[in-house]
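A.B. asks: Sharing a structure, written as structure tokens. Questions coming.
The values are calculated or read from the model by the stated rules, or taken from the named source; none is laboratory data. Only a predicted model underlies this, so the values are computations on that prediction, with no experimental measurement involved. All Cβ positions, glycine included, derive from the backbone under ideal geometry; neighbour counts span all protein chains shown. Only protein heavy atoms, including side chains, enter the accessible area calculation; ligands, DNA and RNA are left aside. Shrake-Rupley method; radii C 1.70, N 1.55, O 1.52, S 1.80 Å.
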Amino acid sequence: MRSPLSTLELVRPRSLEHALEALHASLAAERLTPLAGGTDVYVYLNAGQLPARRYLDLTPLAELRGILAKRDGVTIGALSTFREIGRHAVVRRRFPSLVAAAAEVGAWQIQARATIGGNIANASPAGDSLPVLLAHDAAVHVRSARGAREVAFDRLFRGYRDLALEPDELITAIALPFPPPRSIPFFRKVGTRRAQSISKVVFCGLLVRGANGAIQAARLAFGSVAPVPVRARHAERTLIGGKPGLGAAARARAALARDIAPIDDIRSDRDYRMAVAGNLVEQFLRVAAAEKDGRH
Ligand SMILES: Cc1cc2nc3c(=O)[nH]c(=O)nc-3n(C[C@H](O)[C@H](O)[C@H](O)COP(=O)(O)OP(=O)(O)OC[C@H]3O[C@@H](n4cnc5c(N)ncnc54)[C@H](O)[C@@H]3O)c2cc1C
């Protein structure tokens, strides 16, 4: 049932410390639900699917804002919107797949509000940024009143919509190391229509080629094909040492069935998703074959 707005409480913290203390203290009664851009929270509220009555407004927290470029990578504040991410010069140059994913999140209005921290914490296996973070070995910075820690992105999802976060922890930032030299990135989301749809399959690939052109490292990360975003590690292994191209794509496609387990749901069925996943890997390997030395 939908809660009347007048019954909801919004806590506006003065600082990150204050927010963390309030979140921790709330566990004794009703946990405060963090509120960032609100683009998921408001939908659940409107649909009557969110029983929570107490919210913690993260938007005043300057500590969660900003994108910092360092020597070896970037640190993206959890409150960074997809619009901010898509416009950042270093992110544009070094993480084109993240920029491509940012441009696919809803329409401009959503991109201007939706945050990367919210995309992660919402924990949908269809979140567009998630395969990109997985393929790029992201680390998620979290904090609570008890201290700070870092969670490797590939250890974050414990199960469907279940993250390895404690109820009193907030995501503060996401760290992305720069891809190695001679790496080739790729991102594509397949939905019901060209724009503004939830993904049927979302894919991010990253290949690293050696000086002789052979594949040294391969990361194939998918969303919407399993209860959590997944790396296709069997398919990745078939690529190591070979050259990108159709032969490599056929080997990877055959291995994919061991990596992903799409379901039938209202958006698509299993067979279609399997076929699309294989096609995306093939498209990536065609693009990679056409690139001489990688981009970086
Ligand atoms: C019309 C529409 C279209 C959309 N299209 C897409 C799409 O194409 N692709 C896509 O991936 N998503 C899409 N979404 C979903 C949504 O926009 C994204 O998931 C967005 O990134 C959520 O971020 P937010 O800041 O709005 O999160 P909120 O709604 O504020 O929060 C989402 C969840 O994360 C928690 N949370 C937020 N920030 C933190 C934090 N720092 N630490 C801990 N917990 C936190 C909240 O408690 C809540 O549970 C769409 C939504 C709408 C309404």
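A.B. asks: Determine which member of the set D271, D259 is part of a helix (DSSP H, G or I) and open to solvent by 10 Å² or more (accessible area, probe 1.4 Å).
C.D. replies: D271 is the lone residue from the list that is part of a helix (DSSP H, G or I) and open to solvent by 10 Å² or more (accessible area, probe 1.4 Å).
A.B. asks: Tell me, please, whether a residue that is surrounded by fewer than 19 Cβ atoms within 10 Å (Cβ to Cβ) and more than 17 Å from A121 (Cα to Cα) can be found in region 34-43.
C.D. replies: no
A.B. asks: Further question on the same structure: Among the candidates A254, A235, A290, A250, which residue alone is over 24 Å from the mean Cα position of the chain (by Cα) and closer than 24 Å to P180 by Cβ?
C.D. replies: None of the other options fit; the residue is A290.
A.B. asks: Also, I was wondering about something else. Among the residues of region 222-251, how many are assigned to a helix (DSSP H, G or I) and over 21 Å from N212 (Cα atoms)?
C.D. replies: So the answer is 4.
A.B. asks: Right, R188: open to solvent by 30 Å² or more (accessible area, probe 1.4 Å), in a strand (DSSP E or B) and touching a residue at least 60 places away in the same chain (Cβ under 8 Å) or not?
C.D. replies: For R188, the condition - open to solvent by 30 Å² or more (accessible area, probe 1.4 Å), in a strand (DSSP E or B) and touching a residue at least 60 places away in the same chain (Cβ under 8 Å) - is met.
A.B. asks: Search region 80-89 for residues being open to solvent by 30 Å² or more (accessible area, probe 1.4 Å) and either charged (D, E, K, R) or in a helix (DSSP H, G or I) (or both), and hand back the single one that is farthest from the ligand (Cβ to nearest atom).
C.D. replies: Applying the filter and picking the extreme gives A89.
A.B. asks: Moving to a separate point now. Exactly one condition in (1) surrounded by fewer than 20 Cβ atoms within 10 Å (Cβ to Cβ); (2) at pLDDT 95 or above; (3) among the charged types (D, E, K, R); (4) within 17 Å of V202 (Cα to Cα) is not met by E236; state its number.
C.D. replies: Of the numbered conditions (1) surrounded by fewer than 20 Cβ atoms within 10 Å (Cβ to Cβ); (2) at pLDDT 95 or above; (3) among the charged types (D, E, K, R); (4) within 17 Å of V202 (Cα to Cα), the odd one out for E236 is (1).
A.B. asks: Go through region 91-140 and report how many residues are closer than 21 Å to S183 by Cα and open to solvent by 30 Å² or more (accessible area, probe 1.4 Å).
C.D. replies: Counting residues in region 91-140 that are closer than 21 Å to S183 by Cα and open to solvent by 30 Å² or more (accessible area, probe 1.4 Å) gives 6.
A.B. asks: Just to verify a result, which residue in region 169-187, among those that are among the small types (G, A, S) and within 18 Å of the chain's Cα centre (by Cα), is nearest to V276 (Cα to Cα)?
C.D. replies: A175
A.B. asks: A further question on this structure: In this structure, is I76 assigned to a strand (DSSP E or B), within 12 Å of the ligand (Cβ to nearest atom) and over 25 Å from G159 (Cβ atoms)?
C.D. replies: Here the answer is yes, as I76 does meet what is asked.
A.B. asks: Next up: Scan region 24-55 for residues that are hydrophobic (A, V, I, L, M, F, W, C), at pLDDT 95 or above, within 12 Å of L8 (Cβ to Cβ) and more than 7 Å from the ligand (Cβ to nearest atom) and jot them down.
C.D. replies: L32
A.B. asks: E63 passes all but one of (1) away from the ligand (no atom under 11 Å from the Cβ); (2) within 30 Å of R93 (Cβ to Cβ); (3) open to solvent by 80 Å² or more (accessible area, probe 1.4 Å); (4) in contact with a strand residue (DSSP E or B) (Cβ under 8 Å, 6 or more places away or on another chain); which number fails?
C.D. replies: Unmet condition: (1).
A.B. asks: R143 fails exactly one of the following numbered conditions: (1) farther than 30 Å from L239 by Cα; (2) of a type outside the set (F, W, Y); (3) open to solvent by less than 30 Å² (accessible area, probe 1.4 Å). What is the number of that condition?
C.D. replies: (3)
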